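Some notes on the structure that comes next.
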């Protein structure tokens with residue numbers, strides 16, 4: 001692999017890490033990861049978000065590259081609106097939902113629904129950002145193979161970035177595990193932020209569109 005291509009892929013990796021820490025991503029995953037009492041389970045929440053996000057980015061990006069079509073701005077706006085509605089939904093269900101409060105009893109049994117939720121959230125985020133990423137990939141490299149590799153490295157960066165974030169988020173929760181009020185406050189705060197940011201996100205899209 002040429003040094004220039006390698007450097008470009010490394011840039012894609014680090015941009016993926018940066019991309020994963022955008023406000024709408026962080027807020028959405030926080031409503032999920034804040035309920036965990038384990039660093040490992042929070043790490044998995046970030047990994048599954050990244051997998052959902054990266055898979056959709058790769059599939060849609062590959063289709064755009066192969067078929068050489070552009071996603072219309074109206075469709076992109078619809079995807080962005082879905083993200084905003086999802087943020088509001090996550091915040092409301094996090095506050096009202098109680099039947100999943102004990103999902104930490106098992107890693108892959110009781111927790112499986114939570115991890116699948118992370119995949120779904122990541123997929124929606126990936127769908128909303130796939131068009132912009134594909135344009136960036138094609139403008140950064142001069143051949144289709146390199147563009148596909150760029151998207152893969154970008155996706156790997158999102159997995160790394162979100163995994164680090166969810167693990168860091170779990171540290172104060174784990175330290176305060178014996179103080180239920182602290183954990184409950186953190187959960188409630190992340191839910192309120194998700195609702196408020198989701199409403200702002202929708203308002204911004206509607207006014208711009």
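Throughout, read-outs are computed from the coordinates displayed, never taken from laboratory work. The shown structure was predicted, so the numbers you read here are calculated from the model rather than taken from an experiment. We place every Cβ from the backbone using ideal geometry, glycine too, and count neighbours over all the protein chains shown.
Between the Cα long axis of helix 3-20 and the first principal axis of the chain there is an angle of about 30°, rounded to the nearest 10. Helix 180-208: angle to the longest alpha-carbon principal axis of the chain, degrees 0 to 90, nearest 10? It works out to around 40 degrees.
Taking 7 Å steps out from each Cα toward its Cβ at residue 66 and residue 37 produces label points 4.7 nm apart. Working from label points 7 Å from Cα in the Cα-to-Cβ sense, the residue 18 to residue 5 distance is 2.4 nm. Using C-alpha pairs under 8 Å with a sequence gap of at least 6, the mean separation divided by the residue count of the stretch 23-208 gives a relative contact order of 47 percent. Maximal additional length on extending the residue 200-residue 93 stretch stands at 36.7 nm, based on 0.36 nm per residue less the C-alpha distance.
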